[in-house]
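Chemist: Dumping the structure here so I can ask a few things about it.
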Amino acid sequence: MSKRPVAPYISGAVGVVLIGLIVLFAFAKPGGGDIARSPLLGQPAPVVQSTSLNGPDFDLARRKGSWVVFNFFNSTCVPCRQEHPFLVQFTKDQAASANPAELYTIVNDDSDNAVTAFFDTNGGTWPIVRDDDGAISVAFGVAKVPETWIIDPDGFVRARIAGALTAGYLTEKLNELKSQYTGTES
Amino acid sequence: MKKLKSWPVWMLMGVIVVALLAVGATKDSGPRTQGDRIDAISKRLACPTCDGESVYVSRASAAEAIRTQVARDVASGKLTDNQIIAGIARTFNAQVLLVPRATGLDSLVWVLPIAALVCSVVGLAMAFRRWKRQNLGDASAQDIALVERLLAQDPTDDENV
Amino acid sequence: MFSAEGLAGPLGRGALLVGLIGAFFGMFAAISGTRNNDPKVMRLVPRFAVLMCVATVGAFTAMEWAMITRDFSLAYVQKVGSWSTPAIYNFTAVWSALEGSILLWVLVLTGLTVGIAVKYKTRLSDPMVGWALATMFFVSVFFFVLTLGPANPFAAGAPGVLDGPGPNPLLQNHILVMFHPPILYMGYVGMTVPFAFAIGALITGRVGEGWLVETRRWALFSWGLLTLGIILGSWWSYEVLGWSGVWAWDPVENASFIPWLTATAYIHSVLVQERRGMLRVWNLSLLVATFSLTILGTFLTRSGVLNSVHAFSDSDIGPFLLGFFALIVVVSVGLIGWRGDKLRAPGTIDSPVSREGAFLANNVIFSVFAFVVLLGTVFPLIVEALQNRQLVVGEPFFDQLAVPVGITLLFLMSIAPVLPWRKASGELLSQRLFWPAWGGIGALVLSLALGATGIEPLLTFMLGGFSGGAALRQLVLATRRQGWRGLVGRANGGMVVHLGVILIAVALAASNSFTHSQELNLKQGVPVSFGGHTFELVNFSEVVDARRTSISANVRIDGGQAYAPAVTKFKSMGQNIGTPSVRTSFIKDIYLTLEPPVKATSKSAKIKVFIKPMIMWLWIGGGLMGVGTLLAAFPGRRRRPTDPVSAPVPTEELV
């Protein structure tokens, strides 16, 4: 009976595959990825009709003619709370600008009281739109709050910012979009 | 008793099994409730925020929202399960699909398991062939006859390991 | 006055340092004692093992003490401790996050090392024991380094913290957190012992069939504990997570399941080696694979490359675990390549239709399935690395592949127990399989009569009856011959385990295929019927304490007892945790969850009802697997090794 040495070959092959796997893991980025893409970019925004916590009912279709910013928010989410001062600053900047954008906070899966209390403490008087059944979040494909979306005066989705905002970023992004914008108005 | 355990009885058993399975497979399983449909669809969708959990499993708000949307679509009664899934995959990109597609690189996840199975079965078959050849090669015809006779005699054939 | 505050940190760190030193010297002593064949040095080895274990017990006690006294000078206590956590969940909080769970790992590992050192203290001069102990010490050194470096449970926290958030709300909701993680860890970490002996065999280049029996028993115990841990985990998931399921193919679940699969392959194929002296290298490879998969699984789930509901917070532990995994792979693959041919057995397997043929088929299925689960778990990483694109591989993928695997295994479990070693004749099979086969047909008829439909569940039920019949046949024959002793020993205990597996397979098939669910909008005092039962909202009750606000809806089922699914908001987390309520019985469970929006003042509630058949049998099957493992570990009655196989089994006790 011949006994050819096979163990070195088999274990060598297994070893090569495993080393490949290890190299792959070594370079794998921990979690996350670029989720700021969306199939909605450049498309007409989904229908958004809902009630508001602190004002009249909201209908996106009636907001045509101005830039609209949606901020998807939850009072229990830490990054949402952290980015809040930048949103307050953003509304101040917009009030001073020529063609002010309208900011709306959209709230899913949170209690009215908690949201109102948060805004009372931390400032911000812009409209807060309810999304109790999650229809707006799903229509936009919001994965994880906070997310901020920019819609142009013709009702087309122009930008999606996933995750917390940094100081001044929203204003900068909006100005950039405004300068590119060649809609029916201008 | 001995007669009972003969081949015709086994054939009969086979026929019974096939017939019963055919009956069971074609029988109507009764109406699916809307809840069952929602469950079936949400099991095929990934919760976009929770890395690997399905919408069915997850209690995250994004999953809750998608589940509500599925419930609305199911209640409207106009769309098939696949259409509802396609609709949600459109807004969220394909990363909410829990079943990998069978095209491109993704198909590897389907091909490799089958390849692994085929390789091991072929490997095993080759090993058996080699063993058989070895056995016959080493033993003389007399040896083989001896072993066969002893095997046939062995009364316990060792059920108790 | 003397204050204990702040002492736990230095004490714990000191203890771990002592443990590391003990492990290091233990490894050194084991290696040099074995190489120089020096019994004086070898006698030191058990002492180092005890030192290292005592130090770890000290560190663990310090951690519990810090947790119980709420010593917020430690970062770990700041992370998982809280004044408002009840005592029992505060006790379990020690292993509710990464650092503490590594500490638990070290505790189990050092305990096992002492176990080996004590058990084999008369045989320390055997190089196999020496190398196995050296391996145990080496693994311990690595884990001590983890607890002193990237996963330090005694790291000092920010000053001035007076209270913390407590453990994850999901981990302070059910008593099973007391049992599931430690038992799972004992099984998981227990796989280190057979690995250590495998390395010993490879280094010494001798298989020592006597050692095999010992290794098999260690592996069997670890396997049993791992099984129990996995089942308790499913039970916890069922009772706590509120989606009425037991298994979600989550990366963390897979991380414990993949080594379980390879270990299951091992405890079967090792019988071929014991009996026929074959498959030695394959068995060693399975042990090595099992241990390295526990490390790989820990890496995948604790380093943040894959996220899951169990996700532990990010830490720098990833590179350490990956490096360790790479080292294990290189060393073991190298050893197998170097020694493999020397260890190979000359024998052959005569026929595929034989006991050893069935074990080989079993091994093919278990290894391929382990590969499939591993592939599905890491596939998102592969796609992301190659195409920079996110992809999810989830439950439907695994389910689709698990169903044919399960059915094939049930079929094997029907045939294999009646197969003789070496070779089987058709006549013999026909004799032995006759009644089990009728058992299968009976099960099929019964399930059709009860209204089951669909090819997959029906096949499962039929093969469940068939394989159950085969297992019972073996047990009946054995007990008829030997009385109660017919239940112990690996073959008979193994059949009890098989019965447990069959119950689980049948319960899973029934509950997955025939669950019905519906969301019911219940108004107070108005019964609504669904699935042959009526549900009536009685009232809401609300419990508010320092820790949480809990609202439960009392729902009366069939006019009888009220069940109370709840939603709990933990103050520290602001996260809603649903708690299901289950009416359980041998036939079916009625599983209720309270769905949002929930208002205690409301007169109506949205209740989701799941009617799930046979879930109870899952836990019974799990218990049976545990019992069967114990029975199998008992030495059964065997022939004296020198007797011919045709000799009768002696009636005297023979161990």
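Chemist: Please determine, by comparing only the residues of region C:117-126 that are buried (at least 18 other Cβ atoms within 10 Å of the Cβ) and touching a helix residue (DSSP H, G or I) at 6+ places or on another chain (Cβ under 6 Å), which one is modelled with the highest pLDDT.
Modeler: Restricting to residues being buried (at least 18 other Cβ atoms within 10 Å of the Cβ) and touching a helix residue (DSSP H, G or I) at 6+ places or on another chain (Cβ under 6 Å), the top hit is C:117.
Chemist: Would you check which residues across region C:436-460 are surrounded by fewer than 17 Cβ atoms within 10 Å (Cβ to Cβ) and more than 17 Å from residue B:18 (Cβ to Cβ) and list them?
Modeler: Matches in region C:436-460: C:446, C:449, C:450, C:451.
Chemist: Quick one: residue B:50 ticks every box in (1) surrounded by fewer than 17 Cβ atoms within 10 Å (Cβ to Cβ); (2) at pLDDT below 75 bar one, so which box is it?
Modeler: In the conditions (1) surrounded by fewer than 17 Cβ atoms within 10 Å (Cβ to Cβ); (2) at pLDDT below 75, residue B:50 misses (1) alone.
Chemist: For the structure I just gave you, tell me whether residue C:110 is within 20 Å of residue C:13 (Cβ to Cβ) and assigned to a helix (DSSP H, G or I).
Modeler: The answer is yes for residue C:110.
Chemist: Among the numbered criteria (1) surrounded by fewer than 22 Cβ atoms within 10 Å (Cβ to Cβ); (2) in contact (Cβ under 8 Å) with a residue 12 or more places away in the chain; (3) under 12 Å from residue C:11 (Cβ atoms), which one does residue C:61 miss?
Modeler: (2)
Chemist: Of all residues being in a helix (DSSP H, G or I) and free of Cβ contacts under 8 Å to residues at least 12 places away in the same chain in region C:29-58, which is surrounded by the most Cβ atoms within 10 Å (Cβ to Cβ)? Just the residue, please.
Modeler: C:54
Chemist: Further question: Given the condition free of Cβ contacts under 8 Å to residues at least 40 places away in the same chain and more than 14 Å from chain A (Cβ to nearest Cβ), answer yes or no: does some residue in region C:376-391 qualify?
Modeler: No, every residue in region C:376-391 fails to be free of Cβ contacts under 8 Å to residues at least 40 places away in the same chain and more than 14 Å from chain A (Cβ to nearest Cβ).
Chemist: Consider residue C:618 carefully, then state whether it is surrounded by 19 or more Cβ atoms within 10 Å (Cβ to Cβ), in contact (Cβ under 8 Å) with a residue 60 or more places away in the chain, not hydroxyl-bearing (Ser, Thr, Tyr) and not in a loop (DSSP other than H, G, I, E, B).
Modeler: yes
Chemist: Could you figure out which of (1) touching a helix residue (DSSP H, G or I) at 6+ places or on another chain (Cβ under 8 Å); (2) on the phi > 0 side of the Ramachandran plot; (3) surrounded by fewer than 24 Cβ atoms within 10 Å (Cβ to Cβ) isn't true of residue C:203?
Modeler: (2)
Chemist: Do the conditions hold for residue C:18, that is, is it surrounded by fewer than 21 Cβ atoms within 10 Å (Cβ to Cβ), more than 22 Å from residue C:107 (Cβ to Cβ) and in the same structural domain as residue C:156 (by TED's automatic domain parsing)?
Modeler: no
Chemist: So, in region C:68-80, how many residues would count as being among the aliphatic types (A, V, I, L, M), farther than 16 Å from residue C:14 by Cα and more than 27 Å from the chain's Cα centre (by Cα)?
Modeler: 3
Chemist: Please specify each residue of region A:136-161 satisfying the condition of being within 14 Å of chain B (Cβ to nearest Cβ) and assigned to a strand (DSSP E or B).
Modeler: Passing the criteria: A:147, A:149, A:157, A:160.
Chemist: Kindly evaluate residue B:8 against the criterion of being more than 10 Å from chain A (Cβ to nearest Cβ), in a helix (DSSP H, G or I) and at pLDDT below 85.
Modeler: yes
Chemist: In addition: Looking only at residues that are at the interface with another protein chain (Cβ under 7 Å from one of its Cβ atoms) and touching a Ser or Thr at 6+ places or on another chain (Cβ under 9 Å) in region C:393-404, which one is surrounded by the fewest Cβ atoms within 10 Å (Cβ to Cβ)?
Modeler: Only one residue tops the list, namely C:396.
Chemist: Being more than 30 Å from residue C:519 (Cβ to Cβ), modelled with pLDDT under 90 and not in a loop (DSSP other than H, G, I, E, B): is that true of residue C:216 here?
Modeler: Yes, satisfied.
Chemist: So, of the residues in region A:1-30 that are exposed (fewer than 13 other Cβ atoms within 10 Å of the Cβ), within 43 Å of the chain's Cα centre (by Cα) and within 7 Å of chain C (Cβ to nearest Cβ), which turns out to be modelled with the lowest pLDDT?
Modeler: So the residue we want is A:30.
Chemist: Something else now. Check off (1) surrounded by fewer than 18 Cβ atoms within 10 Å (Cβ to Cβ); (2) under 30 Å from residue B:46 (Cα atoms); (3) in contact with a strand residue (DSSP E or B) (Cβ under 7 Å, 6 or more places away or on another chain) for residue A:114 and give me the number that stays unchecked.
Modeler: Result: residue A:114 fails condition (3) only.
Chemist: A follow-up question, please. For residues in region B:107-129 being under 17 Å from residue C:380 (Cα atoms) and facing chain C (nearest Cβ under 7 Å), which is surrounded by the most Cβ atoms within 10 Å (Cβ to Cβ)?
Modeler: That would be B:109.
Chemist: Could you tell me whether region C:547-569 includes any residue that is in contact with a Gly (Cβ under 6 Å, 6 or more places away or on another chain) and either over 17 Å from residue C:595 (Cβ atoms) or not hydroxyl-bearing (Ser, Thr, Tyr) (or both)?
Modeler: Yes; the residues of region C:547-569 include at least one that is in contact with a Gly (Cβ under 6 Å, 6 or more places away or on another chain) and either over 17 Å from residue C:595 (Cβ atoms) or not hydroxyl-bearing (Ser, Thr, Tyr) (or both).
Chemist: Kindly check whether there is at least one residue in region C:332-341 that is assigned to a helix (DSSP H, G or I), in contact (Cβ under 8 Å) with a residue 60 or more places away in the chain, within 7 Å of another protein chain (Cβ to nearest Cβ) and over 25 Å from the mean Cα position of the chain (by Cα).
Modeler: Looking through region C:332-341, at least one residue is assigned to a helix (DSSP H, G or I), in contact (Cβ under 8 Å) with a residue 60 or more places away in the chain, within 7 Å of another protein chain (Cβ to nearest Cβ) and over 25 Å from the mean Cα position of the chain (by Cα).
Chemist: Is it fair to say residue C:237 is under 28 Å from residue C:512 (Cβ atoms), touching a strand residue (DSSP E or B) at 6+ places or on another chain (Cβ under 8 Å) and within 14 Å of chain B (Cβ to nearest Cβ)?
Modeler: Spelling it out, it is not the case that residue C:237 is under 28 Å from residue C:512 (Cβ atoms), touching a strand residue (DSSP E or B) at 6+ places or on another chain (Cβ under 8 Å) and within 14 Å of chain B (Cβ to nearest Cβ).
Chemist: Right, here's the next one. Is at least one residue of region C:342-361 surrounded by fewer than 19 Cβ atoms within 10 Å (Cβ to Cβ), within 9 Å of another protein chain (Cβ to nearest Cβ) and assigned to a helix (DSSP H, G or I)?
Modeler: yes
Chemist: Which of (1) at the interface with chain B (Cβ under 9 Å from one of its Cβ atoms); (2) touching a helix residue (DSSP H, G or I) at 6+ places or on another chain (Cβ under 9 Å) does residue C:451 not meet, given it meets every other one?
Modeler: (2)
Chemist: Would you check if there is a residue in region A:83-103 being touching a residue at least 12 places away in the same chain (Cβ under 8 Å) and within 14 Å of chain B (Cβ to nearest Cβ)?
Modeler: Looking through region A:83-103, none of the residues is touching a residue at least 12 places away in the same chain (Cβ under 8 Å) and within 14 Å of chain B (Cβ to nearest Cβ).
Chemist: Another one. Would you mind finding the one in C:519, C:536 that is closer than 25 Å to residue B:38 by Cβ, of a type in the set (D, E, K, R) and modelled with pLDDT of 90 or more?
Modeler: Result: C:536 is the single residue among C:519, C:536 that is closer than 25 Å to residue B:38 by Cβ, of a type in the set (D, E, K, R) and modelled with pLDDT of 90 or more.
Chemist: I need the full set of residues from region C:85-95 which are more than 22 Å from residue C:191 (Cα to Cα) and either among the β-branched types (Val, Ile, Thr) or surrounded by 18 or more Cβ atoms within 10 Å (Cβ to Cβ) (or both), in order please.
Modeler: Selection gives C:85, C:88, C:89, C:90, C:92, C:93, C:94.
The values are calculated or read from the model by the stated rules, or taken from the named source; none is laboratory data. No experiment lies behind these values; they were computed from the predicted model shown. Positions of Cβ are generated from backbone atoms using ideal geometry, with glycine treated the same way; all protein chains shown enter the neighbour counts.
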